[in-house]
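Visitor: Sharing a structure, written as structure tokens. Questions coming.
The values are calculated or read from the model by the stated rules, or taken from the named source; none is laboratory data. Remember, predicted model here, so these are calculated numbers, not experimental data. Ideal geometry is used to build each Cβ from the backbone, glycine not excepted, and the neighbour counts take in all protein chains shown. To get the accessible areas, we keep the full protein, side chains included, count just its heavy atoms, and leave off ligands, DNA and RNA. Shrake-Rupley method; radii C 1.70, N 1.55, O 1.52, S 1.80 Å.
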Amino acid sequence: MSKKKFIRQREQREKRRIARGRIETLFTLAERVFPYEPELANRYVEIALAVQQKARIRMPKKWKRRYCKSCHTFLVPGVNARVRLRNGHVVIKCLNCGHITRYPYIREQKKRRRERQKEADSSR
């Protein structure tokens with residue numbers, strides 16, 4: 001492989017690393033500023049999404065469920081989002097646009113079941 005290709009790959013890695021840092025910063029700011037200025041928090045989410053799209057990286061799992069996929073609003077459970085557990089799913093409803101997102105939580109259930117099994121085995 002040529003030297004230019006290695007340099008380009010290193011530059012891409014660096015761009016993605018910087019983008020991840022910016023996304024982290026923007027979501028942290030959105031979290032802090034939301035109680036006072038929800039519109040600014042929503043703007044931070046939009047900027048973070050633009051950075052993520054431009055850098056072609058995945059949204060960190062930590063922040064993936066904290067914004068509405070429809071209206072790009074920063075979601076805070078109990079304020080502008082309703083969170084419910086239904087039939088093995090976490091159901092999140094955005095109270096701004098009404099968009100509903102469902103996530104399975106089977107993995108969490110399996111983990112809890114394994115922990116209970118270990119406790120039962122160790123107590124015998």
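Visitor: Restricting the stretch 41-50 to residues that are over 13 Å from LEU75 (Cα atoms) and in contact with a helix residue (DSSP H, G or I) (Cβ under 9 Å, 6 or more places away or on another chain), which is most open to solvent (accessible area, probe 1.4 Å)? Please lay out each step first, then the result.
Guide: Residues of the stretch 41-50 that are over 13 Å from LEU75 (Cα atoms), as a first pass: 47-50.
Pick out the ones that are also in contact with a helix residue (DSSP H, G or I) (Cβ under 9 Å, 6 or more places away or on another chain) and you get 47-49.
Working: ILE47: 59, ALA48: 0, LEU49: 23 Å².
It comes out as ILE47.
Visitor: When residues of the stretch 51-81 are filtered for being open to solvent by less than 30 Å² (accessible area, probe 1.4 Å) and of a type in the set (S, T, N, Q), how many remain?
Guide: Residues meeting the conditions: 2.
Visitor: When the stretch 82-124 is examined, which residues are found to be open to solvent by less than 80 Å² (accessible area, probe 1.4 Å) and at positive phi?
Guide: Selection gives GLY88, GLY98.
Visitor: Looking at the stretch 51-67, I want the residues that are of a type in the set (D, E, K, R) and have a partner that is in a helix (DSSP H, G or I) and open to solvent by less than 30 Å² (accessible area, probe 1.4 Å) with Cβ atoms under 9 Å, at least 6 apart or on another chain. Which pairs are those?
Guide: Filtered contacts from the stretch 51-67: LYS54/ALA19; ARG56/ALA19; LYS62/PHE27; ARG66/PHE27; ARG66/ALA30; ARG66/VAL45.
Visitor: Okay, moving on. Return the residues of the stretch 19-39 that are in a helix (DSSP H, G or I) and open to solvent by 70 Å² or more (accessible area, probe 1.4 Å); say none if nothing qualifies. Full working, then the answer.
Guide: Pass one, the stretch 19-39, residues in a helix (DSSP H, G or I): 19-33, 38-39.
If the condition is that a residue be in a helix (DSSP H, G or I) and open to solvent by 70 Å² or more (accessible area, probe 1.4 Å), then ARG20, ARG22, THR25, GLU31, ARG32, GLU39 are the ones that fit.
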